[in-house]
Amino acid sequence: MVRCLLLFAFVLITSVGLHAQDPIFSQFYAAPLQINPAFTGNTYGPHLSLNYRNQWPSFADGAYVTYAAYYDQFVPSLNSGFGLSILSDDAGNGLIKTNKLAGHFAYRLQVNRDFFLKLGVEAAVVQARYNWNDFVFLDQLDDITGPVTPGGTPLPTAEVRPDNLNATYADISAGILAYSELFYVGMSLKHLNTPNESVLDINDNLNTGLPMRFTLHGGMEITLIEGNKRRRPTFISPNVMFVRQGDFGQLNIGAFGNLGMLFTGVWYRQAYTNPDAVIFLLGVHKDFFRIGYSYDITVSELSGYTGGSHEISLTLNFDRGNRIDYNDCFQLFR
């Protein structure tokens, strides 16, 4: 119990005193703009996605809950994609709440008949709010009783409460994507301007800002049965994604499978030298929408505490109903 409490306190302290890490959806295919702004405009018709993630619900009354909504569309006359997204992240059951509003743009370059490049940028405004009264600092923790005295009175801290517990900042990101009918590979850099999200009064020369997030990802599409107006295609899409931000890094590897109206997937996530989770996905298509549910089975040393992670996505693709032949391998993102 004490070990779990200490670990959670450490996570919270590093989030305030240093920098929090970005939330990342296990169903990355349903939130591609969060991975790389170069994905903006994968459909000619309006494309909407709604995402919900509840990570570690059994850990300290809910550790991380994230909501997101995405809209994007390709405009052929401008050879460009435009998008808008809203993300809300609640870390520690109200300890740190982050809201983000972002605009996305991607320009497509056709290298030859079968090979394309897309260059994407993202400009966002972010607000982070900190609930100081609910934080637990290391100098408040007793080895036996935790953050309280034997009588149940909260232990004091020597930390000084900041005058302003809100941080608002601009955030810039960029990415590149290369693709053909068979494969895609991309790279993105989030937080290019390394914005200052801290609310603590520290030496500005020591504040390096929110660390950049580097993402390298790729995949391919193996068609088993061609689709038509009445039948969705059957295909398998193996994919891999590596993410690094500050001292944090993870590798996701697995595959998405589309089986007509049904789709499924399985991935393994490794956090540097430590195993993290196995992810299982199941979902269904119906006309212009699809809904998916995934569950992350924690396989690290925290497996007995977290309760795994639940994720639900809803995608509305208004290209459906019109026969559109795309010269790419992005069916899993649509």
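Please treat every number below as a calculation from the coordinates, not as lab data. Keep in mind it's a predicted model, so treat the numbers as computed, not measured. A quick note on method: Cβ atoms are made from the backbone with ideal geometry, for glycine too, and the neighbour counts reach across all protein chains shown.
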(request) Name the aspartates and glutamates eligible as straight-distance cross-link partners of LYS286: C-alpha to C-alpha under 19 Å, and not fewer than 8 places from it in the same chain. (result) GLU226, ASP319
(request) Give the span of the stretch 2-333's Cα atoms along each principal axis, as three whole-Å numbers ordered largest to smallest. (result) 70, 40, 32
(message) Once R0 is set to 51 Å, what does the formula 1/(1 + (r/R0)^6) return for the Cβ-Cβ distance between ARG161 and LYS286, expressed as a FRET efficiency to the nearest 0.05?
(response) 0.50
(request) Taking the Cβ of each residue in TRP267, TRP132 as the centre, tally the other Cβ atoms inside 10 Å and list the residues starting with the fewest. (result) TRP132, TRP267
(message) Within 11 Å, Cβ to Cβ, of PHE280, how many net charges do the neighbouring residues add up to if Lys/Arg are +1 and Asp/Glu are -1?
(response) -2
(request) Could you go through the stretch 233-247 in sequence order and give the Karplus-derived ³J(HN,Hα) for each residue, using 6.51 cos²θ - 1.76 cosθ + 1.60 with θ = phi - 60°, rounded to whole Hz, and x for Gly and Pro? (result) x, 9, 8, 10, 10, x, 8, 9, 8, 10, 10, 9, 9, x, 8
(request) Under a cut-off of 13 Å between alpha-carbon atoms, report the aspartates and glutamates in cross-link reach of LYS118, not counting same-chain residues fewer than 8 places apart. (result) ASP328
(message) Could you give each residue of the stretch 132-138 its phi-based ³J(HN,Hα) in whole Hz, using Karplus coefficients 6.51, -1.76, 1.60 with θ = phi - 60°, and x for Gly or Pro?
(response) 4, 5, 9, 6, 10, 9, 4
(request) Please report, in debye to the nearest 20, how large the charge dipole of the chain is about its Cα centre when each Lys and Arg carries +1 at its beta carbon and each Asp and Glu carries -1 there. (result) 1420
(request) Using Cα positions and a limit of under 14 Å, work out the aspartates and glutamates in reach of LYS97, with same-chain residues fewer than 8 apart set aside. (result) ASP22, ASP89, ASP134, GLU197
(request) Would you mind checking the tilt of helix 2-17 against the longest principal axis of the Cα atoms of the chain, expressed as 0 to 90 degrees and rounded to 10? (result) 70
(message) Apply the Karplus curve 6.51 cos²θ - 1.76 cosθ + 1.60, θ = phi - 60°, to the phi angles in the stretch 181-192 and return the couplings in whole Hz, x for Gly and Pro.
(response) 6, 9, 8, 9, 8, x, 9, 9, 10, 8, 6, 4
(request) Quickly rank 154-162, 308-316 as a protection proxy: mean count of other C-beta atoms within 10 Å, highest first. (result) 308-316, 154-162
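In whole percent, what relative contact order does the stretch 2-333 give with Cα contacts below 8 Å and a gap of six or more residues?
Worked out over the stretch 2-333, it gives 17 percent.
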(message) Given R₀ = 35 Å, what would the calculated FRET efficiency be for SER88 paired with ASP325, taking r from the Cβ atoms and rounding to 0.05?
(response) 0.45
(request) Provide the net charge surrounding SER237, with neighbours chosen by a C-beta distance below 14 Å and charges set as Lys +1, Arg +1, Asp -1, Glu -1. (result) -1
